[in-house]
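Here the structure comes first, spelled out in structure tokens, and everything after it is commentary.
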Amino acid sequence: MANEHEHPIQGLMDVTLEKIKAMVDANTVVGDPITTADGTLVLPISKISYGFASGGSDFPSKTTQQLFGGGGGAGVTITPVAFLIIHEGNVRMIQLADSSHPADRMIGLVPEMVDKITGLFDKNKKGEHVDETVEF
């Protein structure tokens, strides 16, 4: 609830941010799981970009009433970037667009790292010699 000393622009910004939060949450980044007939689980992964702006102005008044005009807006872009495929304990990622950003490349390596680490543990359980060097 706004107090009487809060400037009207603060209320405008608060409403804008609340609406953005309502549009974008963790379920938007990692979409709802899809299960195929053979038991494969498909998770859509999206990139979300959003921005907002708000502004206002106080107008001179001959009365004690505060005159304020303002506006705000927000934009959200949701771009599908990959699908995480989980089938019979194996995890694969299908990237929709080749990305050159280092963080995107690291995320792309996660399924391969999981498979290699799982393979190391499986070999160790079977009593096989495990080479401690793993290349990605």
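Could I have the simple spin-label model distance between Q10 and V110, label points 7 Å from Cα toward Cβ, reported in nm to one decimal?
Between Q10 and V110, the simple spin-label model gives 3.8 nm.
For segment 8-97, report the translational diffusion coefficient in µm²/s to the nearest whole number, using Stokes-Einstein at 10 °C, 1.306 mPa s, and a Kirkwood Rh over Cα pairs.
96 µm²/s
Taking 35 Å as R0, compute the FRET efficiency from the Cβ-Cβ separation of F68 and A22 and round it to 0.05. Before the final figure, lay out each step's value.
Values: r = 25 Å, r/R0 = 0.71.
Result of the calculation: an efficiency of 0.90.
Starting from the Cα-Cα distance between T35 and I117, subtract it from 0.36 nm times their residue separation and give me the gain in nm to one decimal.
Numbers: separation 82, 0.36 × 82 = 29.52 nm, distance 2.55 nm.
Result for the pair: 27.0 nm of gain on full extension.
Quick query: amide H of K47 versus all other amide H atoms, modeled in the peptide plane; which residues come in under 5 Å with a sequence gap of 5 or more or a different chain?
T79, V81
Taking 0.36 nm per intervening residue step and subtracting the Cα-Cα distance, what contour gain separates I78 from D58 on full extension? Could you put the intermediate results ahead of the total?
Values: separation 20, 0.36 × 20 = 7.20 nm, distance 3.54 nm.
Additional length available on full extension: 3.7 nm.
Apply 1/(1 + (r/R0)^6) to the Cβ-Cβ distance of Q95 and Y50, taking R0 = 30 Å, and write down the FRET efficiency to the nearest 0.05.
On the way: r = 22 Å, r/R0 = 0.74.
The pair Q95/Y50 has a calculated efficiency of 0.85.
Around G72, under 12 Å between beta carbons, what's the net of Lys plus Arg minus Asp minus Glu among the other residues? All intermediate terms of the calculation are to be shown ahead of the outcome.
On the way: positive: K19; negative: D14, E18.
Local charge sum for G72: -1.
Taken together, the values in this text are just the output of simple stated rules run on the coordinates, not laboratory data. This is a predicted model, so every value here is computed, not measured. Reconstructed Cβ throughout: ideal geometry from the backbone, glycine too, with neighbour counts over all protein chains shown.
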